[in-house]
Amino acid sequence: MKHLLSMESLTREAIYEILELADTMKATRGRHDKLPLQGQCWALIFSKSSTRTRVSFEVGIRELGGSVMFLSSADIQLGRGEPIEDTARVMGRMLDGAVIRTFLQSDVEVFAEYSQIPTINALTDDEHPCQILADLQTIREKLGGVEGRTVCFIGDGACNVARSWIWAAARLDFELRIAAPAGYQPEPAILEQAAKTGRIIVCEDPQEAVHGADVLYTDVWVSMGREEEAAERLRAMAPYQINEALVEAAEPGALVMHCLPAYRGKEITSEVFETHAATLFDQAENRLHAQKAILQLIARRS
Ligand code: CP
Ligand code: NVA
């Protein structure tokens, strides 16, 4: 594996290689027997806000022996229109790896191609692979694994996190149900492709979707870059809140997960959030461990 650009591009074997190493990273934090990024310099190039992704990559790169710089696209010439191809060729001459959060998936792919350095997708409009890998690590810890289980994604079924879940379902053996209002359901072409190997059910009724589900998962209703659509999105998704009644309709003991940040009173109630806070913050912490695994697996060997 040279880059981590999407869940779509990962094989089942690659997913398990990352998850195994993520567990080791977690178990050996602070006493790793090798530092795969020793002497390396990585950059985080972000065009969107971030708390978890930024902190976990900055900490993770340092814990693996590397140094790291954070570059907001507003502060570099990329933000003034310098082409991604040129930015990538410059950075490829100087850096050992890049972690990119941006809008277009094609920008991450073009950066990887032109820079020739290990490149990680830290969220695009299409995918959030690092998030789903940390989520899978969390589900392994709590339920022993996702395979044979039912994961129910509720809310914006067309968002990046939902799409990465769709590709996870295409690679691993679990049932993914997506409850989303019309207009916010996954693209038919993506579903058609993923359904060749995955079990994915899309419906409009959240009560029906959560019946027997082992994991209830949600994300913000207004993703970054969609702020102008906020009023319409909040109206359409209001019936898709994870509240006590919805949790009651799921399998007893079902996990409640959220990639965070969470908007209480919108996609999740305050009560449900606090009841499941231990899971939610384990999930957030696992971003660090899963991403350290990714970094080790794609880092250039010196
Ligand atoms: N879940 C996630 O990616 O959070 P941040 O936007 O804070 O990085
Ligand atoms: N779907 C959200 C995820 C945030 C981590 C967004 O893109 O804003």
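Some points to look at:
- Residues whose amide H lies under 5 Å from that of Glu251, counting only those 5 or more places away or on a different chain, are Gly212, Ala213; hydrogens are built 1.01 Å from N in the peptide plane.
- Proxy reagent accessibility, fewest Cβ within 10 Å first, across Phe46, Phe281, Phe111, Phe70: Phe281, Phe70, Phe46, Phe111
- The alpha carbons of the range 221-288 give a radius of gyration and a Dmax of 13.0, 38 Å, in that order.
- Its Cα gyration tensor gives the chain an equivalent ellipsoid. The semi-axes, each the square root of 5 times an eigenvalue, are 31, 22, 17 Å from largest down.
- Pairs of Cα atoms nearer than 8 Å and 6+ residues apart set the relative contact order; for the range 183-247 it is 31 percent.
- Between amide H atoms placed 1.01 Å from N, distances below 5 Å from Met257 occur with Leu216, Tyr217, Thr218, all of them 5 or more places distant or on a separate chain.
- P(r) of the range 70-115 over all Cα-Cα pairs, binned every 10 Å from zero, in whole percent: 27, 67, 6
- Residue-averaged 222 nm ellipticity for the chain, from DSSP H runs of 4+ at -39500 (n - 2.57), nearest 500: -13000 deg cm²/dmol
- Stokes-Einstein diffusion coefficient of the range 100-236, Kirkwood radius over Cα pairs, 25 °C, 0.890 mPa s, in µm²/s: 157
- In the calculated pair-distance distribution of the range 16-80, the portion above 20 angstrom amounts to 39 percent of the Cα-Cα pairs.
- Taking the Cα centre of the range 14-146 as reference, the dipole from Cβ charges on Lys and Arg (+1) and Asp and Glu (-1) amounts to some 560 debye.
- Options Ala189, Ile298, Leu5, ranked by Cα towards positive dipole end of the chain, top entry (Cβ charges): Ile298
- Only alpha carbons enter this Debye calculation for the range 152-220, each as an equal point scatterer, and the log10 of I(q)/I(0) it gives at q = 0.21 Å⁻¹ is -0.78.
- Within the range 182-302, the proportion of Cα pairs with more than 18 Å between them is 63 percent.
- For the range 263-290 and the range 76-111, distance of Cα centres in Å: 32
- Gyration tensor verdict on the range 173-213 (Cα atoms; rounded if a/c is under 1.5, prolate if a/b is larger than b/c, oblate otherwise): oblate
- In order along the range 223-233, the phi-based Karplus estimate (6.51 cos²θ - 1.76 cosθ + 1.60, θ = phi - 60°) of 3J(HN,Hα) comes to 5, 4, x, 10, 4, 5, 9, 4, 4, 5, 5 Hz; Gly and Pro are listed as x.
- Close amide-amide hydrogen proximity is noted between Arg101 and Ile45, Phe46, Ser47, Ala122, each under 5 Å apart and 5 or more residues distant or on a separate chain (H modeled in the peptide plane; Pro and chain starts excluded).
- 3J(HN,Hα) from dihedral phi, the range 96-105, Karplus parametrisation 6.51/-1.76/1.60, rounded to Hz, x for glycine, proline: 9, x, 9, 10, 10, 10, 7, 8, 7, 4
- Gyration tensor over the Cα atoms of the range 17-142: the corresponding equivalent ellipsoid has semi-axes (square roots of 5 times the eigenvalues, largest first) of 26, 17, 12 Å.
- Projecting the Cα atoms of Trp165, Gly97, Thr150 onto the charge dipole of the range 85-207, computed from C-beta unit charges around the Cα centre, puts Thr150 farthest toward the positive end.
- Distance from the alpha carbon centroid of the range 145-186 to that of the range 192-214 works out to 7 angstrom.
- Derived scalar couplings ³J(HN,Hα) [the range 153-164; Karplus, 6.51 cos²θ - 1.76 cosθ + 1.60; whole Hz; x for Gly, Pro]: 9, 10, x, 7, x, 9, 7, 4, 5, 4, 5, 5
- The chain - charge dipole about Cα centre, Lys and Arg +1 at Cβ, Asp and Glu -1, debye rounded to 20: 1120
- Ellipsoid equivalent to the range 92-178 - semi-axes via the Cα gyration tensor, in Å: 28, 15, 9
Any read-out appearing in this document is the output of simple, stated calculations on the displayed coordinates, not a laboratory observation. Just so it is clear, the structure is predicted and the values come from calculations on it, not from any experiment. Cβ atoms come from the backbone with ideal geometry, glycine included; neighbour counts cover every protein chain shown.
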